[in-house]
1. Please list 32-45, 49-62 highest first by mean number of surrounding beta-carbon atoms within 10 Å per residue.
2. List every residue whose amide H lies under 5 Å from the amide H of V50, counting only residues 5 or more places away in sequence or on a different chain, with H placed 1.01 Å from N in the peptide plane.
Amino acid sequence: MSQHNQLQQHFSQHKFFFGGKRKKWFRPLIWHATIWCIWLHRNKVVFQGVVPDVQTVIHQIQGLSGLVLL
């Protein structure tokens, strides 16, 4: 249960990271895309033996966020 509380706290701390009221809808999108891509990459590392790679995760986050914006 503490992990869930930590995620909620993390989101509430960073929800105002992106400026501007017009982009308010964009903040949760980036946060969720980040968490989702980290989760997927972590599963590949744990279950498929993939070598951890931060750049791969960053590119996945950018790609996922960009797809939603189209």
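1. Values: 32-45: 14.6, 49-62: 11.9.
Averaged packing, sorted descending, gives the order 32-45, 49-62.
2. V45
Read-outs: derived from the displayed coordinates by stated rules, not from any lab. Being a predicted model, the structure only gives us computed values, none of them experimental. Positions of Cβ are generated from backbone atoms using ideal geometry, with glycine treated the same way; all protein chains shown enter the neighbour counts.
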